[in-house]
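Remarks on the structure that follows.
None of the figures in this text is laboratory data; all of them are computed from the coordinates on show. Worth saying up front: this structure is predicted, and the values here are computed from it rather than measured. Neighbour counts run over all protein chains shown; Cβ positions are idealised from the backbone, glycine included.
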Amino acid sequence: MVLKMEQKYYQKEIETMPVEEIKKLQSEKLVKQVKHVYENVAYYRDLMDKKGVKPEDIHGIEDLHLLPFLTKADLRDAYPYGLLAKPLEDCVRIQSTSGTTGRRVVAFYTQKDVDLWEDCCARAIVAAGGTKEDVCQVAYGYGLFTGGPGLNGGSHKVGCLTLPMSSGNTERQIQFMMDLSATILCCTPSYAAYIGESLKEMGYGPDDIPLKAGIFGAEPWTEEMRHNIEETLGIKAYDIYGLTETSGPGVSFECSEQTGMHINEDHFLAEIIDPDTGEVLPEGSKGELVFTSLDKEAFPLLRYRTRDICVLSRKKCSCGRTLIKMAKPMGRTDDMLIIRGVNVFPSQIETVLLNEGYQPNYQIVVDRVNNNDTFEVNVEMSPEQFTDKVSEVIAKEKALANSLKTMLGINPSVHLVAPKAIVRSEGKAVRVIDKRKLI
Ligand code: DLL
């Protein structure tokens, strides 16, 4: 595909297709996909048989709710080949999750799967203003993690000059960014914040770098963090979402409106369900996001429960795309901490910290002592905020604890720590240490 310089969309026909037509397309694809999975994946065929559903029962997206869910536990049970729907000789790639506990998820791709995945990432880059004139610095990890390979492929498709940096070696990232005039940066938001911080330490400001946009995802980040990154790097920061199980980044992406991410609905059919009952909820409700891959050949998951908590919206978008939007994920059903009986999401804590003028460098530590939950929030002071006057530190900690109490309804014990005391992340940040699980 030759992309014109002024092009607003990567695949205009799909991205701006009337909703009724998209739904028709999804219905046609779903019927075929269910047949493909039933015939080729014994694991899912068993689940369908147990539920008494046959491929003939699925006539379109209105029948989706009849199909059984797949969960991470199913992926673990079926590891490594149990959900593969194509012979291995037809597959050309394996990618895997970055998870540190349990069995990693391994996903398989045919050449067509890789191609469609890269198209999804290309749509995201074009929505962020990318054209063949751009230099795209990919600082997501390369390797088994999908971030680097996905955005790398998308960048090629757009025709950007691609800088496959991978993550890490931050000074070199900044040097290359300047020397090679990178205009688009792709990495995790926490790494983008770290690059911004390092830029400042090296004596540079946003005007010293040629960047105009960033495509950041793979972990939750708040609006406050977006503003912070946009300011330090002098860019517009776009969100991108995806997961290994559905291919990787590019399941959804943000446009210039920055009010949620358009889901690539021609490839991924989204639902929101009640995480407790599995009931499908109407548009606009908050619940667990579930995806059905409509085109994937090698690893086609049907009704995969992501555990991400989200809201969908069909509100008209000023960018002209008709693809449904998902809000920034508000947390995960498994990331939600229950502390002293109260539900706490790390994103709520991040919002308070940034509103109070702190940087997004923090760690939440939860433990259980004598059957009571302890709840500590360690927050780093910036060099400008730093003071070694005990009375000042105590007053600041108290003020922050009060703001957190107002937001969360429970009292944390806040510790302000010295600049650089909290380890930086070049990939996904580790925000929570829940020692209760280790017992
Ligand atoms: O993180 C894929 C990816 C790479 C997405 C690069 C975006 C950019 P996994 O390692 O399998 O895949 O992790 C998937 O990360 O279920 C969400 O909980 C979280 N996540 C991904 N993107 C976002 C985002 C990649 N934009 C899991 N906002 C997902 C919030 C996100 N959470």
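For every helix of n ≥ 4 consecutive DSSP H residues, a contribution of -39,500 (n - 2.57) applies; sum these over the chain, divide by its total residues, and give [θ] at 222 nm rounded to the nearest 500 deg cm²/dmol.
On the way: 11 runs with 134 residues, N = 439.
So the helix-based figure for the chain works out to -9500 deg cm²/dmol.
Over the C-alpha atoms of the stretch 213-285, what are the Rg and the largest Cα-to-Cα span, Dmax, in Å?
14.3, 45
Determine the shape class of the stretch 349-407: with a ≥ b ≥ c the square roots of the Cα gyration tensor eigenvalues, call it rounded for a/c under 1.5, and otherwise prolate if a/b is greater than b/c, oblate otherwise.
prolate
I need Cys121, Cys187 ordered by Cβ neighbour count within 10 Å, fewest first.
On the way: Cys121 33, Cys187 29.
Final ranking by Cβ density, sparse to dense: Cys187, Cys121.
What list of whole percents do you get for P(r) of the stretch 41-87, with Cα-Cα distances grouped in 10 Å bins up to the one holding the largest distance?
25, 49, 26, 1
Once you have a ≥ b ≥ c as the square roots of the Cα gyration tensor eigenvalues for the stretch 315-367, tell me rounded if a/c is under 1.5, and otherwise prolate or oblate according to whether a/b is larger than b/c.
On the way: a/c = 3.64, a/b = 1.78, b/c = 2.05.
It is oblate, given that a/c is not under 1.5 and a/b is not larger than b/c.
Set Lys and Arg Cβ to +1 and Asp and Glu Cβ to -1, take the dipole of the chain about its Cα centre, and tell me which of Ile14, Thr406, Asn371 lies farthest positive.
Asn371
Neighbour counts of other C-beta atoms within 10 Å: give me Thr374, Thr170, Thr406 arranged from fewest to most.
Working: Thr374 16, Thr170 19, Thr406 9.
Least crowded to most crowded, the residues run Thr406, Thr374, Thr170.
What Rg and what Dmax come out for the stretch 16-94 when only alpha-carbon atoms are used, in angstroms?
Rg, Dmax (Cα atoms, Å): 14.3, 40.
State, as an integer percentage, the relative contact order of the stretch 202-257 based on alpha-carbon contacts under 8 Å between residues 6 or more apart. The partial results should precede the final answer.
Details: 67 pairs, mean separation 18.4, N = 56.
Averaging sequence separation for qualifying contacts and normalising by length gives 33 percent for the stretch 202-257.
Where is the GNM fluctuation largest for the chain (alpha-carbon springs, 10 angstrom cutoff): Ala107, Ala327, Ala124?
The residue with the greatest mean-square fluctuation here is Ala327.
Using the crude model of +1 on Lys and Arg Cβ and -1 on Asp and Glu Cβ, and no other charge, please compute the dipole size for the stretch 298-389 relative to its Cα centre, in debye to 20. Display every interim value, and only then the final one.
Values: 13 positive and 11 negative charges, 220 e Å.
Using only the charged Cβ atoms, the result is roughly 1060 debye.
Taking the Cα centre of each part, how many Å lie between the stretch 372-411 and the stretch 265-319?
If we compute the Cα centre of each part, the gap is 37 Å.
Choose one answer from Ser190, Ser413, Ser155: the residue with the largest mean-square fluctuation in a GNM of the chain with alpha-carbon springs under 10 Å.
Ser413
Using only Cα atoms, figure out Rg for the stretch 1-160 and give it as a multiple of 2.2 N^0.38 Å.
Values: Rg = 18.3 Å, N = 160, 2.2 N^0.38 = 15.1 Å.
Rg over 2.2 N^0.38 Å, computed on Cα atoms: 1.21.
Calculate how steeply helix 42-51 sits against the longest principal axis of the alpha-carbon atoms of the chain, using the helix alpha-carbon long axis, and give the answer as 0 to 90 degrees to the nearest 10.
Roughly 80 degrees between the two axes.
Considering only DSSP beta bridges where both residues belong to the chain, give the percentage that are antiparallel (nearest 5). Before the final figure, lay out the partial values.
On the way: 40 of 65 bridges.
Taking every DSSP beta bridge within the chain, about 60 percent pair in antiparallel fashion.
For the stretch 330-439, with the dipole built from +1 on Lys and Arg beta-carbon atoms and -1 on Asp and Glu ones, taken about the Cα centre, which of Val393, Pro419, Met330 lies farthest toward the positive end?
So the residue we want is Met330.
Given the Cα atoms of the stretch 273-418, and with Rh set as the inverse mean 1/r over their pairs in the Kirkwood sense, what is Rg to Rh to two decimals? Don't jump to the answer; show the numbers that get you there.
Values: Rg = 19.9 Å, Rh = 18.2 Å.
Radius of gyration over Kirkwood radius for the stretch 273-418 works out to 1.09.
For the stretch 158-214, I need the span (max minus min coordinate) of the C-alpha atoms along each principal axis, in Å, sorted largest to smallest.
That gives 33, 21, 18 Å along the principal axes, largest extent first.
Most fluctuating residue of Lys29, Lys157, Lys296 in a GNM of the chain with Cα springs under 10 Å: which is it?
Among Lys29, Lys157, Lys296, the largest mean-square fluctuation in the Gaussian network model of the chain belongs to Lys29.
Give, in nm to one decimal, the length gained when the segment between Lys132 and Glu231 is fully stretched (0.36 nm per residue of separation minus the Cα-Cα distance).
Details: separation 99, 0.36 × 99 = 35.64 nm, distance 2.56 nm.
Full-extension gain reported as 33.1 nm.
Counting only Cα, what are the radius of gyration and maximum Cα-Cα distance Dmax of the stretch 277-351, in Å?
15.1, 46
What lysines sit close enough to Lys428 to cross-link, taking a C-alpha to C-alpha distance under 24 Å and skipping anything fewer than 8 places away on the same chain?
List returned: Lys72, Lys200, Lys212, Lys236, Lys325, Lys328, Lys420, Lys437.
Starting from the Cα of Lys32, draw a straight line to each of the aspartates and glutamates and keep only those under 15 Å, dropping any in the same chain fewer than 8 residues away.
Glu56, Asp57, Glu62, Asp63, Asp266, Asp295, Glu297
How many percent of all Cα-Cα pairs in the chain sit more than 42 Å apart? Please list the in-between numbers first.
On the way: 15138 of 96141 pairs.
Roughly 16 percent, once rounded to a whole number.
Could you please tell me the mean projected area of the C-alpha convex hull for the stretch 85-207, averaged over all directions and given in square nanometres to one decimal?
Numbers: hull surface 35.4 nm².
Projected area, direction-averaged: 8.9 nm².
Please rank Leu161, Leu323, Leu312, fewest neighbouring Cβ atoms within 10 Å first, as an exposure proxy.
On the way: Leu161 16, Leu323 25, Leu312 21.
By the 10 Å Cβ count, ascending: Leu161, Leu312, Leu323.
Given +1 on the Cβ of Lys and Arg, -1 on the Cβ of Asp and Glu, and no further charges, what dipole in debye does the stretch 1-126 carry about its Cα centre, rounded to the nearest 20? If you can, show how the numbers build up before the last one.
On the way: 20 positive and 21 negative charges, 79 e Å.
Using Cβ point charges on Lys, Arg, Asp and Glu, the stretch 1-126 gives about 380 debye.
For the stretch 134-262, state what percent of all Cα-Cα pairs lands in each successive 10 Å bin, counting from 0 Å until the bin that includes the largest distance.
14, 49, 33, 4, 0
Does the stretch 362-439 come out rounded, prolate or oblate by the C-alpha gyration tensor, with a ≥ b ≥ c the root eigenvalues, rounded set by a/c under 1.5 and, if not, prolate when a/b is larger than b/c and oblate if not?
Details: a/c = 2.03, a/b = 1.23, b/c = 1.65.
Oblate, since a/c reaches 1.5 and b/c is not below a/b.
Are there cysteines in the chain with no second cysteine's Cβ under 4.7 Å away, and if so, which?
Cys91, Cys120, Cys121, Cys186, Cys187, Cys310, Cys317
Does anyone have the angle between helix 223-233 and the longest principal axis of the chain? Alpha-carbon axes, 0 to 90°, nearest 10?
70
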